[in-house]
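First up is the structure itself, then whatever we jot down about it.
Every number in this text was worked out from the coordinates using simple rules, so none of it is lab data. If you're wondering where the values come from, they're calculated on a predicted model, not measured in any experiment. Using ideal geometry, Cβ is built from the backbone for each residue, glycine included, and neighbour counts are taken over all protein chains shown.
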Amino acid sequence: MLGRRVEVGTARVEVDGALVSVAPDLVYYLLNKPDGVITAADDPRGRPTVLGLVPPEPRVFPVGRLDLHTEGLLILTNDGALSQLLTHPSHGVAKEYVADVDGGTPAPAALRALRQGVELADGRTAPAEVGVLAPGVLRLVIHEGRYRQVRRMCEAVGHPVRRLVRTRIGPVRDTALAPGRWRTLSAKEVRALAGAASGGARPPRA
């Protein structure tokens, strides 16, 4: 009901069936992770981490991971419920990447393999959406979160990745956010993420 008051911290608020938190101590950051930054709270080797790029308080944690040399969008939050929604394999939240690959533009057979699913050491991947943006530059959308998945998929079809950038998480993208910079997600974006995880279309299976 429009205009209905809720008790902050105790109420359950759902949007189209997706649970949305209203607690005032929850924060949601969108970070453009640069190359060479670790997706971790700390690193024993002293390398820079994503937590060093956002405010130290309140304490947040990354939602999912980007490997050391993968750049692009990463969400950090202290909302465990939303983090679980976004990372659980059954929810299939889309992640979009731009990959600069070796060997020029993959042949039609290689593109078809990516779109149908690639056999990796940990099993066959789900089909990916794949487009060619420029010679040797691919746009890929996946719905899984396996370790170094896009890199391994491209390598499996003979085109190792030279540079990889994540450009979208579910409905959230930001082409104006510079590497190393962060911003707070809007309430609308948080609701859209929760909706994508709870009620979004599931990816086709190979």
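In terms of its Cα atoms, region 94-169 spans 28, 26, 18 Å along the principal axes, sorted from long to short. Extension gain for residue 88 to residue 49 (0.36 nm times residue separation, less C-alpha to C-alpha distance): 11.7 nm. Taking a ≥ b ≥ c as the square roots of the eigenvalues of the Cα gyration tensor, region 36-138 is classed as prolate, since a/c reaches at least 1.5 and a/b is larger than b/c. Residue exposure proxy: 28, 97, 147, ordered by other Cβ atoms within 10 angstrom of their Cβ from fewest to most, comes out as 147, 28, 97. Within region 68-83, whose backbone N sits under 14 Å from a point 7 Å along Cα→Cβ of residue 40? 68-69, by backbone N distance to the label point. A cut-off of 5 Å between modelled amide H atoms, ignoring neighbours fewer than 5 places along the same chain, links residue 162 with 100, 101, 102.
Put in order of Cβ neighbour count within 10 Å, fewest first, the listed residues 188, 33, 95 become 188, 95, 33.
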